[in-house]
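Colleague: Okay, handing you the structure first.
Please treat every number below as a calculation from the coordinates, not as lab data. Values in this document were obtained by computation on a predicted structure and should not be read as measured data. So basically every Cβ, Gly included, is an ideal-geometry build from the backbone, and we count neighbours across all protein chains shown.
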Amino acid sequence: MATTARIEVGPEGPVRAIQGLLVQLLERGEATAILTPRHMPIKGAVMPTLVSDPADMAQADPLSPAFPLNAAKMISRLTKGAGGRPVAAVLRPCEIRAFIELVKLNQGSMDHVLLIGSDCLGALTNADNQHYAAQGEPMALSEKFMLQALGGQTEIDGLPIAKACQACEHPVPEGADLILGLFGSDPTKEIQLIANTARGEGVLTRLGYSDAPANGAREAVVAEVVAKRENFRDAMFETTHAATSTLAGLAEHLSSCINCYNCRAACPVCYCKECVFLTDVFDYKPDQYLGWAKKHGSLKMPTDTVFFHLTRLAHMSTSCVGCGQCSNACPNNVPVMELFRTVSHKTQAAFGYTPGMNPDEAPPMTIFREDEFAEVTGGSH
């Protein structure tokens, strides 16, 4: 069985070459439909799109720097209670990790889905992508972004790669069945196609791909990318911790929050059907507001913004995959991602848990270990 193959890239570029692979999957019946980023008629708009007709794959663009939402919830909906019809999904590493977390929470299934992940070079924020997309032809812009990001640049035409991406220490889609390998090679000539699971190996064999020598430079390049991102991440953690280590500092950090709850809607691992903050629990009477204002001299409106974020942290910090969509969706540019990543990194380290990396590892809050946190409990009894 083939484990590492090559996608030859012709004069039309790497995006077209990847489209060719996706068309093969549809035409050969490996998937009845494929969820993939695709350019929309509105210039600059890229959205996850479920494509079943190979002819409609011409606008698919897995290398686009646009990242309008984490598509984990989309593939969750397509696989939950699936009746055996195979689908495929082209996802970023953080999307795959979020999907795996949702599967662990019984919000999806991996039984009939082929996960295709590309080495992640990062993305632009929604606002910056609109400016970038206005500069030319979409596929050419995607290739330009890819080449500059592979060259180590963190600004593309003066537009910074999103902070969440610069701080992400998981640029390789380790949970994918098939990996589109960009690191350590020249993707204008060829793209490594790596089978990461038995399912992926089977697909490569059935499609007729032959084994190709693994790229020896890949491991060193990935290590260099991870080290650079960890340095950025740790500096971000230090700055955020200094700004939010007191309740007053935390309130200031979140002072522009308007309780729109966009961050909750954008979060791929926030899956509750009913959120307490969307009920009448916090629908206070006028006298209550006036009483609080009189007691303290002033009252920031809307109220409960800090409480909202603390509640979200308590609910999902063990499952945060650091995709940054919380900040991407914020209308007031509140640095939500920095706070959530800083806290969740410590929470996950305390449990020895990395969300979305091991499908067989149960989420920390779903299991009980007698020897856990002995330094707090005083040991097992």
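Colleague: Which of Ile194, Val276, Val225 sits closest to the plus end of the dipole of the chain, meaning its Cα is farthest towards the positive end, when Lys and Arg get +1 and Asp and Glu get -1 on the C-beta?
Modeller: Positive-end residue among those listed: Val276.
Colleague: For helix 138-150, what angle does its Cα long axis make with the longest principal axis of the chain, in degrees from 0 to 90 and rounded to 10?
Modeller: 80
Colleague: Could you order peptides 113-119, 170-176, 19-25, 96-102 by the average number of other Cβ atoms within 10 Å of their residues, highest first?
Modeller: Output ranking for 113-119, 170-176, 19-25, 96-102: 96-102, 113-119, 170-176, 19-25.
Colleague: So, one more: Let me spell out the model: positive unit charges on the Cβ of Lys and Arg, negative unit charges on the Cβ of Asp and Glu, origin at the Cα centre of the range 4-218. What dipole size does that give, in debye rounded to 20?
Modeller: With only Lys, Arg, Asp and Glu charged at Cβ, the dipole is about 540 debye.
Colleague: With runs of 4+ DSSP H residues as the only contributors, calculate the mean residue ellipticity of the chain at 222 nm using -39,500 (n - 2.57) per run, divided by the residue total and rounded to the nearest 500.
Modeller: Calculated at 222 nm, the ellipticity per residue is -12000 deg cm²/dmol.
Colleague: Name every cysteine in the chain that ends up alone, with no second cysteine's Cβ under 4.7 Å, or say none.
Modeller: Cysteines of the chain left without a disulfide-compatible partner: Cys120, Cys165, Cys168, Cys257, Cys260, Cys272, Cys275, Cys320, Cys330.
Colleague: For the chain, give the magnitude of the charge dipole about the Cα centre (Cβ charges: +1 Lys/Arg, -1 Asp/Glu; no others), in debye to the nearest 20.
Modeller: The calculation lands at about 860 debye.
Colleague: Lysine pairs in the range 225-377 8 or more apart or on different chains: how many have alpha carbons under 27 angstrom apart?
Modeller: Going through the range 225-377 pair by pair, I get 5.
Colleague: Here is a further query. For a footprinting-style exposure proxy, rank Met365, Met236 by other Cβ within 10 Å, fewest first.
Modeller: Going from least to most buried by this count: Met365, Met236.
Colleague: Post the alpha-carbon centroid distance, the range 328-363 to the range 164-234, in whole angstrom.
Modeller: Here the two parts' Cα centres lie 23 Å apart.
Colleague: Kindly express, to the nearest 10 degrees and within the range 0 to 90, the angle between helix 198-207's C-alpha long axis and the longest C-alpha principal axis of the chain.
Modeller: Once rounded, the angle reads 30 degrees.
Colleague: Using the charge dipole of the chain (Lys, Arg: +1 at Cβ; Asp, Glu: -1 at Cβ; taken about the Cα centre), state which of Asn332, Ile156, Phe145 has its Cα farthest towards the positive end.
Modeller: Asn332
Colleague: Report, ordered by chain and residue number, the aspartates and glutamates lying within cross-link reach of Lys73, taken as a straight Cα distance under 14 Å and ignoring same-chain residues fewer than 8 apart.
Modeller: Here the aspartates and glutamates satisfying the reach criterion relative to Lys73 are Glu95, Glu101.
Colleague: Of all the C-alpha pairs in the range 225-377, what % are more than 26 Å from each other?
Modeller: 36
Colleague: Okay, moving on. Can you tell me the orientation of helix 336-351 relative to the chain, as the angle in degrees between its alpha-carbon axis and the longest Cα principal axis, to the nearest 10?
Modeller: 90
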